[in-house]
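Below: one structure, written as structure tokens.
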Amino acid sequence: MSQDNGALVRRGFSAFEQGDVSLMLDLMADDLVTYRADPDDATYHGKEGFLEATADWTEGFSDWSVVPEDFIDAGDFVVAQVRQMVRGEASGISVEAAFWFVFEVRDARVTRLSFYVREAEAREAAGLTA
């Protein structure tokens, strides 16, 4: 992967893990598009849209965390395999699952961030073969 693009995405994950939302948002373009394939094929616009997408996704969960496990080079794209760990607010049940995040990077900013539950869809979105 472009070392610059990979480093940018890694800085974003690091900022998120440290709770530095401002730094994370600084790495995103003002006209960021956030896309969530499942469960509703939803698209959000701008940095506020990203925050809304995250709030929608985590609603009903406590102790939510996302840990990157692998990064894949795809030119202007960086695919990150992540492990999401949550606990249901009402049930108290812990759930862990793998997801794939596809970051499109232009001019040193994330311009599009897409979330997938299936690796093949993420790879296709990044222009990689399944």
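The values are calculated or read from the model by the stated rules, or taken from the named source; none is laboratory data. Bear in mind that the values here come from a model prediction, so they are computed numbers and not experimental data. Cβ coordinates were reconstructed from backbone atoms using ideal geometry, including for glycine residues, and neighbour counts include every protein chain displayed. Side chains are part of the model used for accessible areas, which takes the heavy atoms of the whole protein and leaves out ligands, DNA and RNA. Shrake-Rupley method; radii C 1.70, N 1.55, O 1.52, S 1.80 Å.
Summary of computed values
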item: Given (1) free of Cβ contacts under 8 Å to residues at least 24 places away in the same chain; (2) of a type in the set (Gly, Ala, Ser); (3) open to solvent by less than 50 Å² (accessible area, probe 1.4 Å), index of the condition residue 19 fails; result: (3)
item: Given (1) open to solvent by less than 50 Å² (accessible area, probe 1.4 Å); (2) farther than 16 Å from residue 107 by Cα; (3) under 15 Å from the mean Cα position of the chain (by Cα), index of the condition residue 77 fails; result: (2)
item: Boolean, residue 129 is polar (S, T, N, Q) and modelled with pLDDT of 95 or more; result: no
item: Selection from segment 65-74 of residues that are open to solvent by less than 70 Å² (accessible area, probe 1.4 Å) and either among the β-branched types (Val, Ile, Thr) or closer than 18 Å to residue 120 by Cα (or both); result: 66, 67, 68, 71, 72, 74
item: All positions within segment 27-64 that are exposed (fewer than 13 other Cβ atoms within 10 Å of the Cβ) and of a type in the set (Gly, Ala, Ser); result: 55, 60, 62
item: Enumeration of residues in segment 80-116 that are open to solvent by 30 Å² or more (accessible area, probe 1.4 Å), of a type in the set (S, T, N, Q) and within 22 Å of residue 30 (Cα to Cα); result: 111
